[in-house]
Amino acid sequence: MKRIIKGGRVVSSHGVRIADIRIEDGIIKEVGEISQQFFTEDCQVTDASGMLIFPGFIDVHTHFDLHVAGTVTADDFYTGTKAAILGGTTTIVDFATQYPGETLMEGLSNWHKKADGKCSCDYGFHMSITDWNPETSREIETMMEEGVSTFKLYMTYDTQVDDKTIYQILKRLDEEGGMAGVHCENSGLIEALQEEAVSQGRMGVASHPATRPAGAEAEAISRLLRLAEAADAPVMVVHLTCEEGLKEIRRARKRGQVVYAETCPQYLLMDDSLYELPGFEGARYVIAPPLRKVRDQEVLWEALASGEIQTVSTDHCSFTLEQKRLGERDFRKIPGGMPGVETRGVLMYSEGVAAGRIRPEDMCRLLSENPARLYGMYPEKGVIRPGSQADLVILNPEAETVIREADQIQNVDYAPFEGRKVKGVIRQVYLRGELAAENGRVVKELAGKYVHRKVPSVPVPVPAGDMQEKQ
Ligand code: MN
C-alpha cells in the first residue's frame, strides 16, 4: 500500500514545517518534497494543505474493562479503543493488574484475554504490582520479555503497596531498566478524613474533594520521591493535579533526581466547584485525585509550556450515570473516574494551542513524542520521520465543533465537557498507514496490534528544578 499525504504542516517537537509524507506498507519512507516518480497510479494521494499533521497521539493512562468499586468500567477494550482512534489516539497503554495471590504473568494473561482481538488502536500494558514477593521480583525480567517495561504502584486504595515495598520495587525495576508510575495520595489521611465526614453525616459529593486534599497528594509525592532517591531510581508521578505536588517534584529535581510528571485534561480545564453542583450531578466529576483550584490549573498549564510536565494522558475510567448512583447515599461508594480518551486531542489543541497556552510542538511532545520515549516505543512511534510507523493525525486547525454526549462513541451517557466549543477538528487518523477514522467516523475497526514495548532508553530531558524554585 502506497500513500502520499501532500502539503500538510507537519508537527515535530522542534516545530512545524510544510512537507509531503510518503508511506509504504505502513512505514514512513520520506518526509519533504516528494519526487514526481512516486506519484504512481497505485499510490493514494491525500491533499493536506492548511492541515496540521501530528504523530498519532499516545495515551499511556487508560482503564478499560476494569472491575472496580463493585462494578466494571463502562468502556471495554472494544468501545474504548474505538473512541481512542476517533480522537486521534493511535496507541493506548492500559494497566494490567496483578491481584493479591496472582503472579505477574497471570495478571498479564488476564489482560491479554480482555484486549486481544478487540482493539481498534495499537495497545500495550503496564503492570500494576500489588503483591510483592521473591517470585514477583524474579518475574520483572519476564515482564520485560513480554513487552511490559513500565509498572504501576498505588499509594492508596486496596491495591496499595507500603513504603518498604515501593523502595524495593523501584530498586528492582531500575536494575532491569524499567520504570514505575505511581498514584500518589496519602491513604491514612484520606481514611481518617472520610471517617470524620461519615461521623458528621456529610455523605454527599462535596465530601469527596474534602477528604482528598492537595496536601494528601503532595505528602505522598514527597515520600515517593525520597524513596526513589534512596533507591537511586527514576520515577513517574502520574496524574499530577496541584501546585503543592509540583513543588515537591521541583525539590527532588533540584537534588538531582530524574522525576517525570503526567497530568490530564480534566485537571487543566475543570475545577472543584463542579462538586457543588445541585443534587447528585457532581458525581460525574468524581475522580481521584479530585479536581483542584483554578490556581492549580494555571500552574499546570505553565508547567506544560516550560517542560516541567512531560506527558498529558487521560486516566480514562468511565462509568455511566446509573453506575455513579452506587454512591448516591455514600460518597465513598461513587465509582471514581471519568471518560476522556475520545476528546483529549481536540481539547488540548483548542484549549492549549489555539488558546495560545502551548505551541503545536509542545503538544507533539506531550501527547506523542514523550510518551513514546518514556514508555519504550520510540522511534517506531511518536515521531514523523523515515522509518517510523505511519500513525498520523490530520487536524483542521480552523474548523470548530461542540463536544456533545450525543455525538460521542465512548460507552458513556454523559460528556464531562458537554457543550464546550472547541477549535480544531480531526479530519483523518491513520494507523500504520491505513485510514482508521475520517470526519468523525471510525472507518476501520479492530486493526489494533499489541505493542511489544522496549526498555525505555531514549531519555526525556527534565528541567533542573532550580529555576522554578526561585519564582
Ligand atoms: Mn488511573
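The values are calculated or read from the model by the stated rules, or taken from the named source; none is laboratory data. Computed from a predicted structure; not experimentally measured. Here the Cβ is made from the backbone with ideal geometry for all residues, glycine too, and neighbour counts use every protein chain on show. To get the accessible areas, we keep the full protein, side chains included, count just its heavy atoms, and leave off ligands, DNA and RNA. Shrake-Rupley method; radii C 1.70, N 1.55, O 1.52, S 1.80 Å.
Numbers below:
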read-out	value
Test result for Glu281, of a type in the set (D, E, K, R) and crowded, with 19+ Cβ neighbours inside 10 Å	no
Enumeration of residues in the range 394-429 that are surrounded by fewer than 16 Cβ atoms within 10 Å (Cβ to Cβ) and in a strand (DSSP E or B)	Glu398, Ala399, Glu400, Val402, Lys421
Cβ-Cβ under 6 Å pairs, at least 6 apart or on other chains, the range 233-245 side over 16 Å from Gly178 (Cβ atoms), far side within 16 Å of the ligand (Cβ to nearest atom) and of a type in the set (Phe, Trp, Tyr)	Thr241/Tyr267
Pairs, first touching a residue at least 60 places away in the same chain (Cβ under 8 Å) in the range 84-102, second within 16 Å of the ligand (Cβ to nearest atom) and among the β-branched types (Val, Ile, Thr), C-beta under 6 Å, six or more apart	Ala84/Ile92; Ala84/Val341; Thr91/Ile58; Ile92/Thr62; Val93/Val60
Matching entry among Trp111, Trp132 (being in a helix (DSSP H, G or I) and at pLDDT 95 or above)	Trp111
Residue list for the range 166-205, restricted to those being open to solvent by 50 Å² or more (accessible area, probe 1.4 Å), out of contact with any helix residue (DSSP H, G or I) (no Cβ under 7 Å at 6 or more places or on another chain) and among the hydroxyl-bearing types (Ser, Thr, Tyr)	Ser199
Subset of the range 191-229 [β-branched (Val, Ile, Thr) and either within 15 Å of Cys242 (Cβ to Cβ) or at pLDDT below 95 (or both)]	Ile221
Answer from Gly56, Gly32 - the residue that is without any contact (Cβ under 8 Å) to a residue 60 or more places away in the chain and either open to solvent by less than 40 Å² (accessible area, probe 1.4 Å) or touching a strand residue (DSSP E or B) at 6+ places or on another chain (Cβ under 6 Å) (or both)	Gly32
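One line per residue, one yes/no per condition, for (1) basic (Lys, Arg); (2) within 16 Å of the ligand (Cβ to nearest atom); (3) assigned to a loop (DSSP other than H, G, I, E, B):
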| site | (1), (2), (3) |
| --- | --- |
| Ile21 | no, no, no |
| Glu30 | no, no, no |
| Glu41 | no, no, yes |
| Thr90 | no, no, no |
| Phe95 | no, yes, no |
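Every residue, every condition in (1) of a type outside the set (A, V, I, L, M, F, W, C); (2) buried (at least 23 other Cβ atoms within 10 Å of the Cβ); (3) within 16 Å of the chain's Cα centre (by Cα), yes or no:
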| site | (1), (2), (3) |
| --- | --- |
| His63 | yes, no, yes |
| His67 | yes, no, no |
| Gly80 | yes, yes, yes |
| Thr97 | yes, yes, no |
| Lys114 | yes, no, no |
| Gly117 | yes, no, no |
